[in-house]
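**Student:** Just passing along the structure, written as structure tokens.
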Amino acid sequence: MHEILFYLFALIAVASGVAMVLHRNPVYSAIFLIVTLFAFAGFFVLLNAPFVAAVHVIVYAGAIMVLFLFVIMLLNLKRDPAREAGKVTRRAIGVILVLAFIVELGALLFAATANNGVSNNIPNANSLVGSTEVIGRSLFTTYLFPFEVASILLLVGMVGAIVLAKRKLE
Amino acid sequence: MPLSHYLILSAIMFAIGVAGVLLRRNAIVIFMSVELMLNAVNLTFVAFAAQLNNIEGQIFVFFVMVVAAAEVAIGLALMVAIFRVRETVFVDELNLMKW
């Protein structure tokens, strides 16, 4: 069951990820990214992390992607294929760099997954790990200081976004 | 379920994100590709957390999400500010600091 769902979600994630990169219209790119993010939420559920899955859907699909779509529509981008295409040499260099990166990652994964004595299998679900209670307890005791720093980071981000987007500061 | 499958999938998604950053010219789509890369890394964290039966990986994903949210807010505000001045978000045309 786990395998079938994994491959189903993997297919959805990769297909919509590629579509996101290749599609000319940024609105469609954003929609494809939302599909990818939902597939990722599926992976998190499969990996016994329901809290992360829920937060992922709420934060990414609910907040970040709405912000993206809002800005895309606010900017009213004129669709111009010639501007999007860019120079051919630049594009070729990009393709070469991507291929080099894929080869590098492949070599790394091959080396890492070779026999090194570490078990490769994900153990069966232990329902306690990943529950909201366990994460909350850890977040508010061991990781209390990073949690507070994260809240300050969000505050700074909020103030910065308002200052940057404001037309004129008096 | 082998852990390596999750790692390979996450590598593929990261590579797709890198391709988006390198091949696209629209700054908003580049931002979306960065989000995809962050998510690929999150998947690695959660997969390792599940394999090691450990909570720290999921805590880290939580903080990655916080940083991603702040980054998107600032990045899109910058995009709006740039668009007001230059009337474009295509990175080829933003060449003021190029020499």
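**Student:** Can you give the three extents of the C-alpha atoms in the protein assembly as shown along their principal axes, from longest to shortest, in whole Å?
**Tutor:** In descending order, the Cα extents are 54, 45, 32 Å.
**Student:** I want to make sure I understand the PRE zone here: with the label point 7 angstrom from the Cα of A:V103 toward its beta carbon, which residues in the stretch B:10-35 have backbone N atoms less than 17 Å away?
**Tutor:** Of the residues in the stretch B:10-35, B:15, B:19 have backbone N under 17 Å from the label point off A:V103.
**Student:** What's the extension gain from A:L67 to A:V95 if we count 0.36 nm per residue and subtract their Cα-Cα distance?
**Tutor:** Difference between extended and current length: 7.1 nm.
**Student:** Also, I was wondering about something else. Say each of B:N54 and A:Y7 gets a label point 7 Å from the Cα, pointing the same way as Cα to Cβ; how far apart are those two points in nm?
**Tutor:** Placing both labels 7 Å along Cα→Cβ, they lie 3.1 nm apart.
**Student:** Please arrange A:Y60, A:Y28 by counting, for each residue, the other beta carbons lying within 10 Å of its beta carbon, fewest first. Each step should come with its number before you reach the end.
**Tutor:** Values: A:Y60 27, A:Y28 13.
Ascending number of Cβ neighbours within 10 Å: A:Y28, A:Y60.
**Student:** Once the other residues with Cβ under 15 Å from the Cβ of B:I59 are scored (Lys, Arg +1; Asp, Glu -1), what is the net sum? Numbers along the way, then the final one.
**Tutor:** On the way: positive: A:R137; negative: A:E133, A:E148, B:E56.
Taking every other residue near B:I59 into account, the sum is -2.
**Student:** Right, next: With springs only between Cα atoms under 10 Å apart, run a GNM on chain B and tell me which of B:A73, B:A49, B:A11 wobbles the most.
**Tutor:** Looking only at B:A73, B:A49, B:A11, the biggest GNM fluctuation is shown by B:A73.
**Student:** Please identify, among B:I12, B:I55, B:I30, the residue showing maximal mean-square fluctuation in a Gaussian network model of chain B using a 10 angstrom Cα cutoff.
**Tutor:** Among B:I12, B:I55, B:I30, the largest mean-square fluctuation in the Gaussian network model of chain B belongs to B:I55.
**Student:** Can you tell me the orientation of helix B:56-86 relative to chain B, as the angle in degrees between its alpha-carbon axis and the longest Cα principal axis, to the nearest 10?
**Tutor:** The two axes meet at around 10 degrees.
**Student:** Sort A:V14, A:V98 so that the residue with the fewest other Cβ atoms within 10 Å of its own Cβ comes first and the one with the most comes last.
**Tutor:** A:V14, A:V98
**Student:** A further question follows. For A:Y28 and A:T141, what is the calculated FRET efficiency with R₀ set at 51 Å and r taken between the beta-carbons, to the nearest 0.05?
**Tutor:** According to the calculation, E is roughly 0.70.
**Student:** Still on this model: Within 10 Å of each residue's Cβ, count the other Cβ atoms and sort A:V103, A:V35, B:V61 from fewest upward.
**Tutor:** In order of increasing Cβ crowding within 10 Å: A:V103, A:V35, B:V61.
Computed from the coordinates by the stated procedures, all read-outs in this text should not be read as laboratory data. Here the structure is a predicted model, which means the values were calculated and not measured. With ideal geometry, Cβ positions are generated from the backbone for all residues, glycine too; neighbour counts draw on all protein chains shown.
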